[in-house]
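Taking it in order: structure first as C-alpha cells, then the write-up.
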Protein chains: 2
Amino acid sequence: MFEIEVKGKIDNKEEIIKKLKSLNFSFIEKKIQEDIYFNGIDRDFKKTDEALRIRDDNGIYFLTYKGPKIDKISKSREEIEVKVEDKEKLRKILKKLGFKESLTIKKIREIYKKDNITVCIDYIENLGYFIEVEKETNKYDEKEVKQLLDLLKDLGVKQLITKSYLEMVAEYEEKK
Amino acid sequence: MFEIEVKGKIDNKEEIIKKLKSLNFSFIEKKIQEDIYFNGIDRDFKKTDEALRIRDDNGIYFLTYKGPKIDKISKSREEIEVKVEDKEKLRKILKKLGFKESLTIKKIREIYKKDNITVCIDYIENLGYFIEVEKETNKYDEKEVKQLLDLLKDLGVKQLITKSYLEMVAEYEEKK
C-alpha cells in the first residue's frame, strides 16, 4: 500500500476550510497526535530518508515504518503500520534494540474527507499551520499526484512543501 | 518485571501431569504457539544472549524483547512484551529495519497453574517434551529460583536445562 501525499504551508486556515466545504469535503474529526521518531541502528534515517515512529493518536498507538520518498514532488512512500496495545512498552523495546529517540512532534490535526481523498489541516508546535492532501493506492501513479496538486491549487495553496514535519522540526531545533 | 524461570527435559509427560494434579495445580489451557525469532542489527543476539520475537499465540500476536540471562542456574531475564494487531505487518517492519529472521519454533503448550506459579508442558517440534516452571516478580531474588527448582525436584525432573528452545533448535538445525 502506498500513500500518495502532497503538502503545503498555509497561513489562512479559515479561508482554506471554507473552500474545502464549498468543494463538498466533510469534517471528520479533530485530534491530538504525538509522534515519537527514532533513528536507525545501522544507518542514519535522515540520510536514507526512512522513518520509524510511534504514533499516539488520541490514545491509540501505532508503530509505523516509512520507506524513502519515491519522487521529488510528492511525498509518496511505502508505509507499513501496525496497531500496538502499549506505547511505553513498545518505546522500551525499541530502545533496548538500539534505536535512539530523535524528536517528538506534537500536532493538532483537523481531518476532512471526500471520496478517497483525505485533507489534514495541521497545527505543528513551533512551526504553524500546514495542509496535507493524501490518498492511499495500491500502485504508484503520476496522475494521482497531479490530481492532488490540482486540489492544492484550487484551494489557493501557493507554498508547496516536500519536507516532512520531522525534517522541519529538526531544522527548527538546530537553529534554536 | 522479571520472569523467574527454570526448565527441564522430560520423557514421562503423563507421570508429571499426574504429580502436578496431586500438588493441586489446575489445568488452564492447551495451545499452539509459533515463535519467529530475529537476530540483532548491530550485534549477534546469540552472543549477547538477547532475543527478539514475534509470538503467534493461538492467533493473538505479541512483540517480545528478552534481555540477557541474569544468572547461570535459572533462565531469569528481563522481558518486555507488547500486544500487536497484525503479525505480517510487524514482520515486514522488522525486516525493513534490518532485522533478520533466524528461526521459527513450533510448540504445543499445556499450561497448569497454582497461585502465582505457572507450569508449561511443552512439545517442541523435533526436540520432544520439556517442562518450564515460571513466576513473575518485580525484583529478582535467589530464594524464588530455589522454590522453583524444588518444585522440579518434587515432580521428579532430573535433567535441568538452561538453554533456550531457540538455542536448542539452532543446534538441531546445525547438526541436521
Quiz item: Looking at the stretch B:77-92, is at least one residue among the β-branched types (Val, Ile, Thr), more than 17 Å from the chain's Cα centre (by Cα) and surrounded by 17 or more Cβ atoms within 10 Å (Cβ to Cβ)?
Solution: yes
Quiz item: On the given criteria, is residue B:130 among the aromatic types (Phe, Trp, Tyr), in contact (Cβ under 8 Å) with a residue 24 or more places away in the chain and outside any helix (DSSP H, G or I)?
Solution: yes
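I'd like the full set of residues that are of a type in the set (A, V, I, L, M, F, W, C) and outside any helix (DSSP H, G or I), limited to the stretch A:133-176. Talk me through it step by step, then tell me what you get.
Looking only at the stretch A:133-176, we keep the residues that are of a type in the set (A, V, I, L, M, F, W, C), and these are A:133, A:145, A:148-149, A:151-152, A:155, A:157, A:160-161, A:166, A:168-170.
Of everything in the stretch A:133-176, those that are of a type in the set (A, V, I, L, M, F, W, C) and outside any helix (DSSP H, G or I) turn out to be A:133, A:155, A:157, A:160, A:161.
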Practice problem: Spot the failing condition for residue B:41; the list is (1) more than 19 Å from the chain's Cα centre (by Cα); (2) surrounded by 15 or more Cβ atoms within 10 Å (Cβ to Cβ); (3) within 19 Å of residue B:163 (Cβ to Cβ), and only one is missed. | Solution: (3)
Exercise. Report, by residue number, each residue of the stretch A:34-44 that is of a type outside the set (Asp, Glu) and without any contact (Cβ under 8 Å) to a residue 40 or more places away in the chain.
Key: A:43
Quiz item: Which of the residues spanning the stretch A:93-127 are surrounded by 16 or more Cβ atoms within 10 Å (Cβ to Cβ) and closer than 30 Å to residue B:66 by Cα?
Solution: A:93, A:94, A:97, A:99, A:102, A:103, A:105
Quiz prompt | Qualifying residue in the stretch A:128-136 (condition: loosely packed, with under 15 Cβ neighbours inside 10 Å and at pLDDT 90 or above) | solution = yes
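Restricting to the stretch B:143-166, and then to whatever is of a type in the set (D, E, K, R) and either in contact (Cβ under 8 Å) with a residue 60 or more places away in the chain or touching a strand residue (DSSP E or B) at 6+ places or on another chain (Cβ under 6 Å) (or both), can you tell me which residue is farthest from residue B:71 (Cα to Cα)? Reasoning before the result, please.
The first filter runs over the stretch B:143-166 and keeps only residues of a type in the set (D, E, K, R), leaving B:143-144, B:146, B:150, B:153-154, B:158, B:163.
Now restrict to residues that are either in contact (Cβ under 8 Å) with a residue 60 or more places away in the chain or touching a strand residue (DSSP E or B) at 6+ places or on another chain (Cβ under 6 Å) (or both): B:144, B:154, B:158.
Working: B:144: 13, B:154: 23, B:158: 20 Å.
Once the filter is applied, the top-ranked residue is B:154.
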Quiz item: Just a yes or no: is a residue in the stretch A:98-107 at the interface with another protein chain (Cβ under 10 Å from one of its Cβ atoms) and either under 27 Å from residue A:17 (Cα atoms) or modelled with pLDDT of 95 or more (or both)?
Solution: yes
Quiz prompt | residue B:94 vs. criteria assigned to a helix (DSSP H, G or I) and of a type outside the set (D, E, K, R) | solution = yes
Quiz item: Here are some conditions: (1) at pLDDT below 95; (2) out of contact with any helix residue (DSSP H, G or I) (no Cβ under 7 Å at 6 or more places or on another chain). Residue A:51 meets all but one. Which one does it not meet?
Solution: (2)
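Yes/no per residue for (1) closer than 30 Å to residue A:18 by Cβ; (2) among the basic types (Lys, Arg); (3) facing chain B (nearest Cβ under 9 Å):
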| position | (1), (2), (3) |
| --- | --- |
| A:113 | yes, yes, no |
| A:117 | yes, no, no |
| A:123 | yes, no, no |
| A:138 | no, no, no |
Practice problem: Just give me the residues in the stretch A:88-103 being under 21 Å from residue A:164 (Cβ atoms) and in contact with an Asp or Glu (Cβ under 9 Å, 6 or more places away or on another chain), in sequence order. | Solution: A:91, A:94, A:103
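Any idea which of B:20, B:52 is in contact with a strand residue (DSSP E or B) (Cβ under 7 Å, 6 or more places away or on another chain), part of a helix (DSSP H, G or I) and of a type in the set (A, V, I, L, M, F, W, C)? Please lay out each step first, then the result.
On the way: B:52 fails: part of a helix (DSSP H, G or I).
One residue alone meets the criteria, B:20.
Filter the stretch A:46-74 down to residues that are in contact (Cβ under 8 Å) with a residue 12 or more places away in the chain and farther than 23 Å from residue A:30 by Cα, then give me how many there are.
Taking the stretch A:46-74 and keeping what is in contact (Cβ under 8 Å) with a residue 12 or more places away in the chain, we get A:46, A:48-58, A:60-74.
Going one step further and asking which of them are farther than 23 Å from residue A:30 by Cα, we end up with A:46, A:48-52, A:65-74.
The number of residues fulfilling the criteria is 16.
Given the residues A:89, A:66, A:83, which is the only one that is in a strand (DSSP E or B), out of contact with any Phe, Trp or Tyr (no Cβ under 7 Å at 6 or more places or on another chain) and within 13 Å of another protein chain (Cβ to nearest Cβ)?
Working: A:89 fails: in a strand (DSSP E or B); A:83 fails: out of contact with any Phe, Trp or Tyr (no Cβ under 7 Å at 6 or more places or on another chain).
Unique residue meeting the criteria: A:66.
The values are calculated or read from the model by the stated rules, or taken from the named source; none is laboratory data. As the structure is a prediction and not an experimental result, all values here were calculated from the model. Cβ atoms come from the backbone with ideal geometry, glycine included; neighbour counts cover every protein chain shown.
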